[in-house]
Every structure is written in C-alpha cells, then in structure tokens.
Amino acid sequence: MTAKPSTKSDYTKLTPILADWMKEVFADFAEISELFEKYNSPVNLHNLKPFGENYREFVNVLEKYQLQHTVYFARKANKCAAFCLEAKRLGFGVDTAGFNEVSECLELGIDASKLVLTAAIKEKRLIELAIKKDVLIIVDNLDEIAQIEKTAAGFGKNARVGVRIGGFEFAGETLYTRFGFTPERAFQLIIKDFAADFPHLKFQGLHFHLNGYSRSQRGAALVQTIELADRLKAVNIETKFIDIGGGFLVNYLENETEWRDFHKNLKAAVRGEREAVTFANDPLGMNLIEGKLHGEPKVYPYFNKTPRGLFFEEVLNYKNENGETSAELLRLREIELRLEPGRSLLDRTGMTAARVAFRKRDLNGDWLIGLEMNRTQMFSSSADFLLEPTIIYKEKPTSEDTEVSAFFVGAYCLEQEFLLKRKIELEKVPAVGDIVCFPNTAGYMMHFFESEAHLFDLAQNLIYSASKGKFIPDEIYSKGTK
Ligand SMILES: *Cc1c(COP(=O)(O)O)cnc(C)c1O
C-alpha cells in the first residue's frame with residue numbers, strides 16, 4: 001500500500017472523558033513514580049467515588065419510574081474487592097460468577113441476600129456453598145438443575161433459584177444465545193419439572209443477559225419476560241423479580257467529531273488513500289475485498305449519546321404491542337426489577353499506568369515506546385482500545401519540543417505485542433522512566449484477559465484511600481474496611 005506522508009493536521013485524537021482524580025494523578029510525577037519503585041509492576045489505580053455516582057444514576061432512573069429494584073454490581077468486570085465493599089457500604093448487591101467471587105463476598109461481610117450467582121459453570125463446591133449460604137442461583141441448564149436438586153436434598157434445604165431466559169424474538173428472528181431456556185421451555189420447566197422432579201428448587205424470578213448493546217433488543221426481551229411472568233401468574237406461580245442483566249453503554253469520549261474522523265481516517269487508510277493510522281494498517285476487523293471495504297471496525301462504541309441512565313430509560317420505555325411501556329407493565333404487576341451492570345458502574349473508576357523502558361525507531365522509522373507492562377494488562381475484546389493515553393513527563397514538554405507519533409509496545413516477546421494498534425501523537429518523545437497512563441480501564445480492560453506468561457508479575461491493584469490520602473493495595477484497603 002502506498003504510504004502518504006503524515007501531516008500534523010490529519011491526526012485524530014480520541015480525547016477521553018477524565019475524572020478529576022485522574023487529572024490530579026497526572027499532575028504529580030513524583031507520587032506516581034514512587035509506586036513503580038515500590039511495586040515493580042504496572043499499577044492499576046482506582047478511585048471509588050465515581051462508582052457511587054454511577055450507581056446513583058441507575059437508582060435515579062428506577063426511582064423516577066417508581067420501580068421496586070435491586071442493583072447488583074457484576075463483579076467479573078474487575079477483580080478488586082474494594083468495589084464489592086463499596087457496594088455493601090452503599091447498600092446494593094453483587095453479581096458473582098464463580099466460587100472465589102462468592103466466597104470472597106461472604107468473607108467481606110456482604111449479606112448472602114445481596115448476592116446473585118450467575119456463573120456460567122457451577123461446579124459442585126460452588127453449588128454447595130450457594131445452597132448452604134442461601135445465595136440466589138440463576139439456573140441455565142438441566143444438568144445444573146439436577147445437581148442443585150441433589151445437593152439441596154442432601155442438605156435437607158431448599159435452593160432459591162431464578163431461571164435464565166434466552167432465545168427472544170426480535171425483528172422477526174430468534175436472538176441466538178448459548179444461555180438459558182426459551183420462554184416456552186422455561187414455562188414448562190417451572191410449572192411441571194420443578195414440581196415433579198426438582199422439589200428442592202424454589203422459583204423466585206426470571207433472568208436474562210443479552211450480548212451487545214441494543215436497547216430495543218433488551219426492551220423486547222423484557223416485554224417477553226413479563227409475558228412469561230403473566231403466564232406463570234395465571235397458574236398461580238409468582239415471579240418476584242425480573243433481572244435484565246448488564247450491558248449498559250458507557251460513553252468514553254468527549255467528542256463525536258473526533259470519533260467520526262477516526263472512522264473516516266481509518267477507512268481511508270485501509271483503502272490506501274492516506275497514511276496508516278494503525279500498526280501495519282490494521283483494519284480493526286473490517287475486510288478489504290477487491291478494493292471495497294466491508295463491515296465496520298469491531299470496536300466498542302466508545303462514543304455514544306445514550307450511556308448508562310439514558311440507555312436504561314430507553315429499555316424501560318420500550319413498548320409492547322398495546323403501546324404499554326415495560327416500566328408500566330412492571331409497576332402494575334409489582335415485579336421487582338433487577339439489573340447487573342458491570343462496566344457502566346466502573347466508568348471513570350480506574351486507570352492503568354506503566355513506566356517507559358525504552359524508545360527506539362523500527363525498520364519503518366516509526367517510534368516504538370517500550371513500556372514495563374504487557375498487552376494482557378490492558379486488553380479487551382474490542383479490536384483496539386480507542387482512548388488517548390496521557391504521558392506523565394518528568395520534564396514537561398516545552399515549545400522547543402517537536403511532536404512525534406509512536407506505537408506503544410509491551411513485554412511479551414511477540415511481534416504483535418502492540419499495546420495499542422493506533423499510532424499515537426505525543427508532545428515529545430518520552431524519556432525512560434516517564435509514565436504512560438491509559439484512562440478508564442477498570443471495566444474489563446485491566447483484568448479480564450491478564451496473564452502471567454514469562455512469569456511476569458500481574459499489575460498491582462491500588463485503591464485511593466481518602467483517609468490515608470494515597471493509593472494502597474486492594475488487599476490492604478479491603479481488609480482495613482471490612
Ligand atoms: C457480564 C455479565 C454482566 C455485566 O455486563 P456488563 O456489560 O459489564 O454490564 C451482567 N450479568 C451477567 C449474567 C453477565 O454475564
């Protein structure tokens with residue numbers, strides 16, 4: 001592909017929305033620098049304040065629509081115990097996805113009634129723990145239902161269960177999912193099988209969680225789940241709650257124009273009409289076939305106009321065939337609405353930082369900035385992390401310095417170990433020991449895919465302690481406030 005020369009004006013920044021606490025970190029080189037001396041690993045910095053604000057945004061909507069409700073923080077999106085404790089302090093619940101998540105929450109003193117277990121795989125010890133402690137279990141398939149029945153019967157206890165629903169009808173098609181029971185199958189399961197074969201399972205409510213970020217799909221799923229609750233009601237089975245899972249959008253970016261320009265430039269670059277904006281002109285999941293570009297970049301919608309509360313309201317305002325909104329339907333029936341946001345509760349609560357180890361030019365003449373971290377420490381299922389990092393320079397750039405564009409590379413010994421695929425413009429070449437901060441990584445980015453290959457240490461998770469006025473390890477923070 002013929003490369004065209006870069007001009008300063010055609011670089012598109014993707015300016016992230018930053019929290020005030022992040023800007024305070026950026027302003028103090030000495031303080032953050034010390035953390036690397038102390039922990040010898042990248043650091044994940046967290047501040048819990050926005051977590052409570054994000055929670056409040058959901059509650060404001062729930063109160064506006066006068067809905068009985070419980071919010072559960074989907075804990076799998078971040079490993080830090082501090083968020084579970086904060087949920088406990090603020091009075092909301094935690095959605096758990098495995099044995100360690102459940103047992104840690106219980107050890108932290110979170111009441112079992114504030115937990116929901118949605119694990120995709122429920123091994124024996126997990127089922128035993130959940131039944132012993134009376135944690136609500138969301139069931140997905142008959143094998144685990146049989147295991148729950150057997151375990152509960154063995155303990156002489158009942159198991160409280162919700163049934164996961166999937167396979168909703170939407171726009172003339174069935175939405176595929178590998179999870180749960182279709183509404184029809186769930187109906188039979190609850191009215192027949194539970195009574196006949198699984199007497200120790202006590203049905204409490206219905207649950208779904210949809211892939212992707214469609215508001216209307218969630219609205220349609222909610223309406224169909226309410227219809228199922230009505231069918232159950234007609235045979236005297238009460239649905240106490242409907243849990244609509246997570247997937248509430250986050251808006252990460254300041255500026256829609258930048259987002260549009262980024263797409264325009266990426267597409268032009270992949271078609272060979274301008275200089276590449278990504279390493280090796282990576283199309284980020286689009287396909288170029290005989291000169292024609294197909295698809296859109298497979299990236300999270302980093303810019304969107306309907307984050308969190310607005311997204312949630314659109315789900316609640318979705319209308320059934322009679323023009324009734326799902327909020328009205330729930331309110332009339334006094335069914336409690338539950339939700340399990342993960343990413344959206346973690347918005348602006350975390351960032352990942354690493355030290356610059358080296359700077360060099362590669363064979364193409366591009367700057368490569370080597371960071372003391374690896375790609376799994378800031379990695380998501382999105383084809384690229386599309387937020388401008390902030391460099392904390394020891395020596396601040398001056399008007400004498402010239403801007404450069406660079407790629408960030410990490411510690412795994414792979415050719416493809418590029419931390420960002422996008423080429424980033426910097427005010428100057430950073431020095432060894434300068435610090436690069438990737439903002440807003442707490443939701444999935446920092447923990448979901450991290451690995452310890454090469455025996456590298458995992459990043460240190462630090463939580464801002466207001467009483468101590470500094471960042472302290474999650475283990476210490478969470479012990480101290482238990
Ligand atoms: C992952 C998951 C969530 C959280 O999803 P987010 O996109 O982080 O809001 C909630 N519920 C279930 C069952 C999940 O699997």
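None of the figures in this text is laboratory data; all of them are computed from the coordinates on show. Small disclaimer: the values here were computed from a predicted structure and weren't measured. Neighbour counts run over all protein chains shown; Cβ positions are idealised from the backbone, glycine included.
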With labels modelled as points extended 7 Å from the Cα through the Cβ direction, what inter-label distance (nm, one decimal) is found for Leu310 paired with Ala268? 2.7
From the cross-link list Lys157/Lys192; Lys88/Lys124; Lys394/Lys479; Lys79/Lys122, the entries with a Cα-Cα span beyond 25 Å are Lys88/Lys124; Lys394/Lys479
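Among the GluC sites (Glu not before Pro) in region 376-482, which ones are in a DSSP loop with at most 16 other Cβ atoms within 10 Å of the Cβ? Mind listing them?
On the way: sites: Glu395, Glu400, Glu403, Glu415, Glu417, Glu425, Glu427, Glu450, Glu452, Glu475; in loops: Glu395, Glu400, Glu403, Glu415, Glu417, Glu427, Glu450, Glu452.
When the GluC sites (Glu not before Pro) of region 376-482 are filtered for loop state and at most 16 Cβ neighbours within 10 Å, Glu395, Glu400, Glu403, Glu415, Glu417, Glu427, Glu452 remain.
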Please give, to one decimal in nm, the separation of the simple spin-label points placed at Asp230 and Lys298, each 7 Å out from Cα toward the Cβ. 3.9
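Where does the charge balance sit around His200 when Lys and Arg score +1, Asp and Glu -1, over other residues with C-beta under 11 Å from its C-beta?
Values: positive: Lys150, Lys157, Arg160, Lys202; negative: Glu149, Asp197.
Neighbour charge sum, excluding His200 itself: +2.
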In whole Hz, what ³J(HN,Hα) sequence does region 28-37 give by Karplus (6.51, -1.76, 1.60; θ = phi - 60°), x for Gly and Pro? 10, 4, 4, 5, 6, 4, 4, 4, 6, 4
If you restrict to DSSP beta bridges whose two residues both lie in the chain, what percentage is antiparallel, to the nearest 5? 50
Efficiency of FRET between Leu455 and Asp401 - r from beta-carbon atoms, R0 30 angstrom, step 0.05: 0.20
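Taking 60 Å as R0, compute the FRET efficiency from the Cβ-Cβ separation of Glu427 and Asp197 and round it to 0.05. List each step's numbers first, then the result.
Values: r = 67 Å, r/R0 = 1.12.
Between Glu427 and Asp197 the formula returns 0.35.
Give me Ser478, Ser405 sorted ascending by neighbouring Cβ count inside 10 Å, so fewest comes first.
Exposure proxy ranking, most exposed first: Ser405, Ser478.
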DSSP beta bridges in region 110-225, what fraction antiparallel, as a percent rounded to 5? 15
Can you give the helix-only mean residue ellipticity at 222 nm for the chain, where every DSSP H stretch with n ≥ 4 adds -39500 (n - 2.57) and the sum goes over all residues, rounded to the nearest 500 deg cm²/dmol? -9000 deg cm²/dmol
Amide H to amide H under 5 Å from Phe170: which residues, 5+ apart in sequence or cross-chain, H placed 1.01 Å off N in plane? Leu175
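List the relative contact order of region 93-142 as a percent without decimals, with contacts defined as Cα pairs under 8 Å and 6+ residues apart. Mind showing how you got there, number by number?
Numbers: 57 pairs, mean separation 20.3, N = 50.
Here the relative contact order equals 41 percent.
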Which net charge results when you count Lys and Arg as +1 and Asp and Glu as -1 among the other residues whose beta-carbon is under 11 Å from that of Val277? 0
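Under the 0.36 nm per residue contour assumption, what length would be gained going from the current alpha-carbon distance of Asn40 and Ala120 to full extension? Mind dumping the intermediate values first?
Working: separation 80, 0.36 × 80 = 28.80 nm, distance 3.47 nm.
Computed gain between Asn40 and Ala120 is 25.3 nm.
Within a Cβ distance under 13 Å of Gly291, other residues only, what is the Lys/Arg minus Asp/Glu net charge?
Working: positive: Lys267, Arg271, Lys292; negative: Glu273, Glu290.
Its environment carries a net charge of +1.
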Could you let me know the centre-to-centre spacing of region 62-120 and region 236-261, using Cα atoms, in angstrom? 18
In straight Cα distance, which lysines are under 26 Å from Lys396, not counting same-chain residues fewer than 8 positions off? Lys8, Lys13, Lys23, Lys38, Lys360, Lys421, Lys423, Lys428, Lys470
Going through region 80-186, which GluC sites (Glu not before Pro) have at most 15 other Cβ atoms within 10 Å and a DSSP loop state? Glu123
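Among the trypsin sites (Lys or Arg not before Pro) in region 334-400, which ones are in a DSSP loop with at most 15 other Cβ atoms within 10 Å of the Cβ? Mind listing them? Numbers along the way, then the final one.
Numbers: sites: Arg338, Arg343, Arg348, Arg355, Arg359, Lys360, Arg361, Arg375, Lys394; in loops: Arg348, Lys394.
Here the trypsin sites (Lys or Arg not before Pro) that fit, given the DSSP loop and packing criteria, are Lys394.
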Counting only C-alpha contacts under 8 Å and six or more residues apart, can you give the relative contact order of the chain as a whole percent? 22
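Mind giving me the FRET efficiency for Asp20 and Gln66? R0 is 35 Å, r the Cβ-Cβ distance, nearest 0.05 is fine.
Numbers: r = 33 Å, r/R0 = 0.94.
Efficiency at R0 = 35 Å is approximately 0.60.
Rounded, prolate or oblate for region 145-248? Axes are the square roots of the Cα gyration tensor eigenvalues, ordered a ≥ b ≥ c, and the cut-off for rounded is a/c under 1.5.
Working: a/c = 2.23, a/b = 1.80, b/c = 1.24.
It comes out prolate by the Cα gyration axes.
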May I ask which residue of Tyr72, Ala30, Ala19 lies farthest towards the positive end of the charge dipole of region 1-103, with charges of +1 (Lys, Arg) and -1 (Asp, Glu) on Cβ and the Cα centre as origin? Tyr72
